[in-house]
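Novice: The structure that follows is given in the form of structure tokens.
The values are calculated or read from the model by the stated rules, or taken from the named source; none is laboratory data. The model shown is predicted, which means the values in this text are computed figures rather than measured ones. Note that we place each Cβ from the backbone using ideal geometry, even for glycine, and neighbour counts take in every protein chain shown.
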Amino acid sequence: MTEIFSTGNAGNTLFSAQNPFQTGGAERSNSGLSIPNVFTVVAIEQVPFFKSQKGALGHLLGGWTISSDYVWASGQPYTPVQAFEEAISGSAANVFDRNWVNAFVGADTARPFIGNLSAPAAAVGIYAHDACNSTSFGCTGATAAALAALPTNQLVSLNALNHTDPVTGNLAQSVVTVTNSQVRYIINSHDAQTIFGTPFGNAGRNLSRDAVSNLVNASIYKTFNLGERVKFTMNLTANNAFNHFNFTSVNPTIEQAGLNQQQFFGANFGDPSNTAAAGRVIWIGGKISF
């Protein structure tokens, strides 16, 4: 691995282990820079006709070169992290050293629990009473009452609690019960720790991957012979020629599940489409060789 302990996205690192007494095996995983599958094809074709470019037809049809490259690569690993839920919580039940985490780490060292790694990447659950007691989700009124009425061990969708009205942008929270198999990760907080029997989440480093890279670049060159020693070459180049969405990153913060880039925190957890994507770029250039 190329980084230590907790990792967000793209190999970014927290120096602190979740459990300071388990800095070995519990922190071992694939590198955040691991991209195991990369397929690349490069092709260059120089049109063989009219190389001497004699006459008007030769100047028109000669001197053409086409080149292209295609890259398909696995998504980059990232670690689901809690930015502000348990290790920096002020609750009396918190077993983490809140003052130390706040002063020296700045992000939550507690990892979430695993629900089902086959569930959708952005699906996150939270136990009903953890959502009620959390300072992170702002449950009030009817939402808080609905959560309080549920059993302690009832899991609800954090994505639904974080839902906002697409028109007004205001919270439009829904209480939707789910099972462990329907969510990929579960928020690590007081009731979750009681149910799992440990304060340390079992979601290891770099469990998820962001979107694959799927990129075609292409260029067309036309060379004009301007005498025996002078050549002028023009080129048209298109990066990401087919305008595929190749997202630049992913949000690893699970408390932000269900949000989008217009809402509150910036981007939905585990959804690369809420981050920037470089579109097609075309430019024309030229050079003189002599």
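Novice: Looking at SER134 and the list (1) modelled with pLDDT of 80 or more; (2) surrounded by 18 or more Cβ atoms within 10 Å (Cβ to Cβ), which single condition is not satisfied?
Specialist: (1)
Novice: Still on this model: Residues to consider are PRO36, PRO77; find the one that is at pLDDT 85 or above, buried (at least 16 other Cβ atoms within 10 Å of the Cβ), within 22 Å of the chain's Cα centre (by Cα) and not small (Gly, Ala, Ser).
Specialist: Of the residues listed, the single one that is at pLDDT 85 or above, buried (at least 16 other Cβ atoms within 10 Å of the Cβ), within 22 Å of the chain's Cα centre (by Cα) and not small (Gly, Ala, Ser) is PRO77.
Novice: Name the single residue that is modelled with the highest pLDDT among those in the range 158-184 being over 23 Å from the mean Cα position of the chain (by Cα) and crowded, with 21+ Cβ neighbours inside 10 Å.
Specialist: VAL178
Novice: Further, regarding this structure: Where residues in the range 39-74 are in a strand (DSSP E or B), surrounded by 12 or more Cβ atoms within 10 Å (Cβ to Cβ) and among the aromatic types (Phe, Trp, Tyr), which of them is farthest from the chain's Cα centre (by Cα)?
Specialist: TRP64
Novice: Pull out all pairs, ordered by first then second residue, where Cβ-Cβ is under 8 Å, the residues are six or more apart or on different chains, the first lies in the range 270-286 and is without any contact (Cβ under 8 Å) to a residue 24 or more places away in the chain and under 20 Å from ALA257 (Cα atoms), and the second is surrounded by 11 or more Cβ atoms within 10 Å (Cβ to Cβ) and among the polar types (S, T, N, Q).
Specialist: Matching pairs, first to second residue: ASN274/ASN251; ASN274/ASN260; ASN274/GLN261; ASN274/ASN268.
Novice: Which one is nearest to the chain's Cα centre (by Cα) among residues in the range 185-243 that are among the hydroxyl-bearing types (Ser, Thr, Tyr) and in a strand (DSSP E or B)?
Specialist: So, considering only residues that are among the hydroxyl-bearing types (Ser, Thr, Tyr) and in a strand (DSSP E or B), the one nearest to the chain's Cα centre (by Cα) is SER208.
Novice: While we're looking at this one, here's another question. Considering only residues that are within 12 Å of TRP283 (Cα to Cα) and of a type in the set (A, V, I, L, M), which ones fall in the range 214-243?
Specialist: Matches in the range 214-243: ALA218, ILE220, MET234, LEU236, ALA238, ALA241.
Novice: Okay, next question. Would you tally the residues in the range 236-261 being of a type in the set (Val, Ile, Thr) and farther than 27 Å from SER174 by Cβ?
Specialist: Counting residues in the range 236-261 that are of a type in the set (Val, Ile, Thr) and farther than 27 Å from SER174 by Cβ gives 2.
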